[in-house]
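The values are calculated or read from the model by the stated rules, or taken from the named source; none is laboratory data. Everything quoted here is computed from the prediction, not taken from an experiment. Counting neighbours? That spans all protein chains shown, and the Cβs are built from the backbone with ideal geometry, glycine included. The protein model used for the area step is the full one, side chains on, heavy atoms only, and it has no ligands, DNA or RNA in it. Shrake-Rupley method; radii C 1.70, N 1.55, O 1.52, S 1.80 Å.
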Amino acid sequence: MNDKKGIIIAGGAVGIIAVLLVYFGNPANMGFCIACFIRDIAGGIGMHRAEVVQYIRPEVIGLVLGAFLLSLKNKEFQTKGGSSPFTRFVLGIVVMIGALIFLGCPLRMVLRIAGGDLNALVGLAGFVAGIYVGVIFLNKGFNLKRSYNITKIEGYIFPVVNVGALVLLLLAPAFIFFSEKGPGSMHAPLWMSLAAGLIVGALAQKTRMCTVGGTRDMILFKDMYLLSGFIAIIVFSFIGNLAFGYFKLGFADQPIAHTDGLWNFLGMAIVGWGSVLLGGCPLRQLILSGEGNTDSVITVMGLLVGAAIAHNFGLASSAAGVTANGKVAALICFVFLGLISYLNSEDLVKKGSQSLSKVNVE
Amino acid sequence: MMKKIDTSGMSCPQPVLMTKKSLEENPEGLDIIVDNNTARGNVERFLKNAGYRVAISEQGDTFLIEARK
């Protein structure tokens, strides 16, 4: 229990901060949503023109910089890269498409559950199913090969880019888009969002919080550590939602959600499966990208491009429901995940004696 | 001579998975090289839960984890 205290406190803090962000202006059940926020940033910098979801979300900047600063202080900043970067980029696109079919990343799924949105429970079932499929391939030797130490400069670029994004947000030049209505127009004050991101970024860096890792480690190793954080987020944001009167139980009329169960399930299954292959959920990818992991930076770029694709090609769902294009895209995502999983599983595709898991040093 | 595996550069949860697989073949013990604190913590937690004694030493940029029954 004692070793889990840190992550339970961190999860509790995330849950409460998320509810406070809604109180101060963020969309309902969206104190944090890594997928939605990266999607808003894609809109803010003009990568898509969905007018209701355009804003440079300071939470994302804060998450990256919070993780960056704490990892520097703890001497955990390590610049690494080279572990199947383009596979990770495309997996980032796939995870984003799945998340925007469901309407939220795993973190928002948790916050939706805590707000009483039962559609998110269907999403959770899909999420767990997706993780389970990913774990089957992990047990068959799936991996994306090693990363390597690379020059420190490479690792500093992404935090600097985030400072640049903050400058754009503050100066608001004419080429940046800000929604005038819809979810993109709803946000807590800039400095509050930034502070929330910094705090949660540092907490997540410190505790290695990961929404996918919780279920994955439970299935693989019967290890409750990460899952305790996941549960703490649900419990504390549930309490917060009750306290503020935000809790509303049901399927219908939930904020920024649709009631198509099959596609809620399948959307989150894509997110769960894809995130297991990536080694972490979208939140964890942001944190790692602040710690100098350039493979995660590439993944975040995939999420960003995936968001642009999802809106430009009409794949993203809305309160009105799932789109026909979104359904086709989901099926393509599953085929891609299946191929990537199979082709990178060493026990399924024998490549001579080069199996990584069997390499001895001496 | 204990069997030694190198998990450097492997992303989550590979270091723990590699440790688990190698222990199935060498249940008496194992030396594991990890190159970051996250993997160090994860592998250490896994080994302790599995009932191993664990000694960790820093070796430049990496850690050597010695697990013994």
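Which members of region A:199-214 meet the condition of being polar (S, T, N, Q), over 14 Å from residue A:4 (Cβ atoms) and within 12 Å of chain B (Cβ to nearest Cβ)? Talk me through it step by step, then tell me what you get.
Within region A:199-214, the subset polar (S, T, N, Q) is A:205, A:207, A:211.
Filter again for over 14 Å from residue A:4 (Cβ atoms), leaving A:205, A:211.
Within region A:199-214, A:205 is the sole residue that qualifies.
Evaluate region A:174-182: report whether one residue or more is away from chain B (no Cβ under 14 Å), open to solvent by 10 Å² or more (accessible area, probe 1.4 Å) and without any contact (Cβ under 8 Å) to a residue 12 or more places away in the chain.
Yes, the conditions are met somewhere in region A:174-182.
Any residue at all in region A:224-246 that is within 19 Å of residue A:131 (Cα to Cα), of a type in the set (Phe, Trp, Tyr), within 14 Å of chain B (Cβ to nearest Cβ) and in contact with a Phe, Trp or Tyr (Cβ under 9 Å, 6 or more places away or on another chain)?
So far as region A:224-246 goes, no, none of its residues is within 19 Å of residue A:131 (Cα to Cα), of a type in the set (Phe, Trp, Tyr), within 14 Å of chain B (Cβ to nearest Cβ) and in contact with a Phe, Trp or Tyr (Cβ under 9 Å, 6 or more places away or on another chain).
Can you find a residue in region B:27-37 that is hydrophobic (A, V, I, L, M, F, W, C), part of a helix (DSSP H, G or I) and open to solvent by less than 20 Å² (accessible area, probe 1.4 Å)? Break it down stepwise before answering.
In the first step, residues of region B:27-37 are kept if they are hydrophobic (A, V, I, L, M, F, W, C); the result is B:30, B:32-34.
Restricting the remaining residues to those that are part of a helix (DSSP H, G or I) gives none.
Looking for residues that are hydrophobic (A, V, I, L, M, F, W, C), part of a helix (DSSP H, G or I) and open to solvent by less than 20 Å² (accessible area, probe 1.4 Å), one finds none in region B:27-37, hence no.
Evaluate the following for residue A:171: is it open to solvent by 40 Å² or more (accessible area, probe 1.4 Å), free of Cβ contacts under 8 Å to residues at least 12 places away in the same chain and touching a helix residue (DSSP H, G or I) at 6+ places or on another chain (Cβ under 8 Å)? Full working, then the answer.
Values: open to solvent by 40 Å² or more (accessible area, probe 1.4 Å): yes; free of Cβ contacts under 8 Å to residues at least 12 places away in the same chain: yes; touching a helix residue (DSSP H, G or I) at 6+ places or on another chain (Cβ under 8 Å): no.
Judged against the criteria, residue A:171 is not a match.
Does region A:332-340 include one or more residues that are open to solvent by less than 10 Å² (accessible area, probe 1.4 Å), in a helix (DSSP H, G or I) and among the small types (Gly, Ala, Ser)?
Checked against the condition, which is being open to solvent by less than 10 Å² (accessible area, probe 1.4 Å), in a helix (DSSP H, G or I) and among the small types (Gly, Ala, Ser), region A:332-340 yields no hits at all.
Which residue, of A:271, A:297, is of a type outside the set (Lys, Arg), touching a strand residue (DSSP E or B) at 6+ places or on another chain (Cβ under 9 Å) and over 14 Å from residue A:144 (Cα atoms)? Can you show your working first?
On the way: A:271 fails: touching a strand residue (DSSP E or B) at 6+ places or on another chain (Cβ under 9 Å).
On inspection, the qualifying residue turns out to be A:297.
Please count how many residues of region A:71-123 are more than 19 Å from residue A:315 (Cα to Cα), of a type in the set (Val, Ile, Thr) and open to solvent by 10 Å² or more (accessible area, probe 1.4 Å).
3
Filter region A:1-45 for residues that are at pLDDT 95 or above, farther than 19 Å from residue A:234 by Cβ and assigned to a helix (DSSP H, G or I) and give the result.
Within region A:1-45, A:37, A:38, A:39, A:40, A:41, A:42, A:43, A:44 qualify.
Within region A:139-165, take every residue that is part of a helix (DSSP H, G or I) and touching a Leu at 6+ places or on another chain (Cβ under 7 Å) and give me the one that is nearest to residue A:59 (Cα to Cα). Give the derivation first.
We begin by selecting, within region A:139-165, every residue part of a helix (DSSP H, G or I); these are A:139, A:152-165.
Next, only the ones that are touching a Leu at 6+ places or on another chain (Cβ under 7 Å) stay: A:159, A:162.
On the way: A:159: 14, A:162: 11 Å.
Here the answer is A:162.
If you scan region A:120-143, which residues turn out to be within 27 Å of residue A:109 (Cα to Cα) and within 14 Å of another protein chain (Cβ to nearest Cβ)? Before the answer, list the steps.
Of the residues in region A:120-143, the ones within 27 Å of residue A:109 (Cα to Cα) are A:120-139, A:142-143.
Passing the criteria: A:131, A:134, A:135, A:136, A:137, A:138, A:139, A:142, A:143.
Yes/no matrix, rows are residues, columns are (1) within 15 Å of residue B:11 (Cβ to Cβ); (2) away from chain B (no Cβ under 14 Å); (3) within 12 Å of the chain's Cα centre (by Cα):
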position	(1), (2), (3)
A:279	yes, no, yes
A:285	yes, no, yes
A:291	yes, no, no
A:297	yes, no, no
A:304	no, yes, yes
A:309	no, yes, no
A:326	no, yes, no
A:335	no, yes, no
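Against the condition within 22 Å of residue A:145 (Cβ to Cβ) and either more than 9 Å from chain A (Cβ to nearest Cβ) or open to solvent by 20 Å² or more (accessible area, probe 1.4 Å) (or both), how does residue B:61 come out, does it pass?
On the way: within 22 Å of residue A:145 (Cβ to Cβ): yes; either more than 9 Å from chain A (Cβ to nearest Cβ) or open to solvent by 20 Å² or more (accessible area, probe 1.4 Å) (or both): yes.
It is true that residue B:61 is within 22 Å of residue A:145 (Cβ to Cβ) and either more than 9 Å from chain A (Cβ to nearest Cβ) or open to solvent by 20 Å² or more (accessible area, probe 1.4 Å) (or both).
Within region B:6-19, track down each residue that is facing chain A (nearest Cβ under 7 Å) and either out of contact with any strand residue (DSSP E or B) (no Cβ under 7 Å at 6 or more places or on another chain) or farther than 15 Å from residue A:139 by Cα (or both). Before you say what the answer is, go through the steps one by one.
So the first thing to find is which residues in region B:6-19 are facing chain A (nearest Cβ under 7 Å), and the list is B:6, B:8-14, B:16-18.
B:6, B:8, B:9, B:10, B:11, B:12, B:13, B:14, B:16, B:17 - these are the residues of region B:6-19 that are facing chain A (nearest Cβ under 7 Å) and either out of contact with any strand residue (DSSP E or B) (no Cβ under 7 Å at 6 or more places or on another chain) or farther than 15 Å from residue A:139 by Cα (or both).
Can you find, within region A:134-168, the residue that is nearest to residue B:15 (Cα to Cα) among those that are among the polar types (S, T, N, Q) and open to solvent by less than 30 Å² (accessible area, probe 1.4 Å)? Don't jump to the end; show me each part of the working.
Just the residues of region A:134-168 that are among the polar types (S, T, N, Q), to begin with: A:139, A:143, A:147, A:149, A:151, A:162.
From what is left, the residues that are open to solvent by less than 30 Å² (accessible area, probe 1.4 Å) are A:143, A:147, A:162.
Working: A:143: 11, A:147: 13, A:162: 30 Å.
The extreme case among them is A:143.
Inside region A:215-327, counting only helices (runs of 4 or more DSSP H) that do not spill past its ends, which hold 1 or more residues that are touching a residue at least 12 places away in the same chain (Cβ under 8 Å) and open to solvent by 60 Å² or more (accessible area, probe 1.4 Å)? Step through it out loud before you land on a result.
Details: elements: A:225-244, A:261-278, A:282-290, A:294-312.
Counting at least 1 such residues, we get A:225-244, A:261-278, A:294-312.
Being more than 14 Å from every other protein chain (Cβ to nearest Cβ) and among the β-branched types (Val, Ile, Thr) is the filter; apply it to region A:85-119 and report the residue that is farthest from residue B:16 (Cα to Cα).
Here the answer is A:101.
Where the second residue is open to solvent by 10 Å² or more (accessible area, probe 1.4 Å) and small (Gly, Ala, Ser) and the first is under 23 Å from residue A:78 (Cα atoms) and lies in region B:22-34, which pairs have Cβ atoms under 8 Å and are six or more apart or on separate chains?
Going by the 8 Å Cβ cut-off, the qualifying pairs are B:33/B:8; B:34/B:8.
Taking residue A:26 and the conditions (1) within 20 Å of residue A:280 (Cβ to Cβ); (2) open to solvent by less than 30 Å² (accessible area, probe 1.4 Å), which numbered condition does it fall short on, given that it satisfies the others?
(1)
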